[in-house]
Amino acid sequence: MRIIEPHIHMVSRTTDDYRAMAIAGIHTVTEPAFWAGFDRGSASGFRDYFHQLTVAEPARAARYGIRHYCWICLNPKEAEDLRLADDVLQIIPDYLDRPTVLGVGEIGLNKNSRNELSVLERQIAIAADHNQLILVHTPHLEDKRKGTRLIMDAIRNERRIDPGRVVIDHGEEHTVGEILDRGFWVGLTLYPTSKCSPERAVDLLEIHGMNRIWLNSAADWGVSDPLATLKAAEEMRRRGHPQSAIDKVFYDNPRTFLSQCPKFAA
Ligand SMILES: [Zn+2]
């Protein structure tokens with residue numbers, strides 16, 4: 001089994017997780033910049049974090065034969081403080097041309113607030129200025145559909161961005177169809193207690209087809225499972241999907257999307 005894990009927060013996982021993933025056939029991971037479980041107080045905290053993402057984690061992953069790529073941004077959970085946002089947005093371009101940085105992400109909305117939306121629009125403009133791929137986080141709570149629409153509208157308003165170079169992650173039953181209809185890629189996140197179970201994710205694949213879609217664990221510091229993709233692959237197998245379909249969803253699709261960044265190789 002060959003799997004690309006396109007969304008995982010390895011900074012909050014153990015080295016044992018790297019080893020377990022390598023043994024399971026996950027040899028490539030991409031890590032979006034996100035919240036660390038606490039609010040950072042200054043842009044220097046983000047410099048340390050971006051250093052960890054671009055230098056420390058690729059080295060730790062390499063010890064297990066895993067290629068580690070990342071995405072840089074200010075995440076929506078810390079976008080409420082506009083002074084901090086000003087400082088962090090200024091340093092983001094310093095990191096975009098690092099060899100393992102694939103784009104801007106995971107940007108998006110958390111509570112759909114006015115400040116979050118203004119920081120989102122500025123980061124979409126940074127991505128356009130620097131011709132970057134975008135990875136989007138959609139809200140987890142009851143406002144997911146509204147937040148997903150606000151984000152898609154903000155991207156469309158920035159006319160320089162091709163939706164085929166944007167993946168909208170944490171899609172669910174009430175958002176996947178609209179995301180695909182508008183030309184974006186969609187991500188399904190497999191969480192043990194929220195978001196998608198393997199069964200729900202495979203239902204969505206059967207309903208919406210297997211183009212422009214990827215699955216991820218989004219494993220982080222909370223209750224999550226870095227091997228969740230294997231459980232969804234097993235669910236596909238159990239339902240009689242051929243190995244070629246499993247390979248498409250877990251390897252070919254993420255490779256196709258990520259290869260739009262010339263730095264990516266899998
Ligand atoms: Zn994430």
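No value in this document is a laboratory result; all are computed from the given coordinates. A quick note: this is a predicted structure, and the numbers were derived from the prediction, not measured. For neighbour counting, all protein chains shown are included, and Cβ atoms are generated from backbone atoms with ideal geometry for every residue, glycine included.
GNM on the chain, alpha-carbon springs under 10 angstrom: the most fluctuating residue among Asn253, Asn110, Asn211 is Asn211. Taken about its Cα centre, region 1-68 carries a charge dipole of roughly 200 debye when the Cβ of each Lys and Arg holds +1 and the Cβ of each Asp and Glu holds -1. For Gly108, nonlocal amide neighbours, meaning residues 5 or more places apart or on other chains whose placed amide H falls under 5 Å from its own, are His137. In region 3-258, Cα pairs under 8 Å separated by at least six residues give a relative contact order of 18 percent. Annotation for region 61-147: trypsin sites (Lys or Arg not before Pro) lying in DSSP loop with at most 13 further Cβ atoms inside 10 Å of their Cβ are Arg63. Label-to-label distance for Lys263 and Asp81 is 2.7 nm, based on points extended 7 Å past Cα in the beta-carbon direction.
Taking every alpha-carbon pair in the chain and binning the separations at 10 Å intervals from zero gives 7, 33, 39, 18, 2, 0 percent.
For the chain, what is the calculated [θ] at 222 nm in deg cm²/dmol (nearest 500), taking -39500 (n - 2.57) for each run of four or more DSSP H residues and dividing by its residue count? List each step's numbers first, then the result.
Numbers: 11 runs with 109 residues, N = 266.
The helix-only estimate for the chain comes to -12000 deg cm²/dmol at 222 nm.
Need the full-extension length gain, Asp97 to Lys231, defined as separation in residues times 0.36 nm minus the C-alpha distance. One decimal, nm.
Working: separation 134, 0.36 × 134 = 48.24 nm, distance 3.48 nm.
This chain segment gains 44.8 nm when fully extended.
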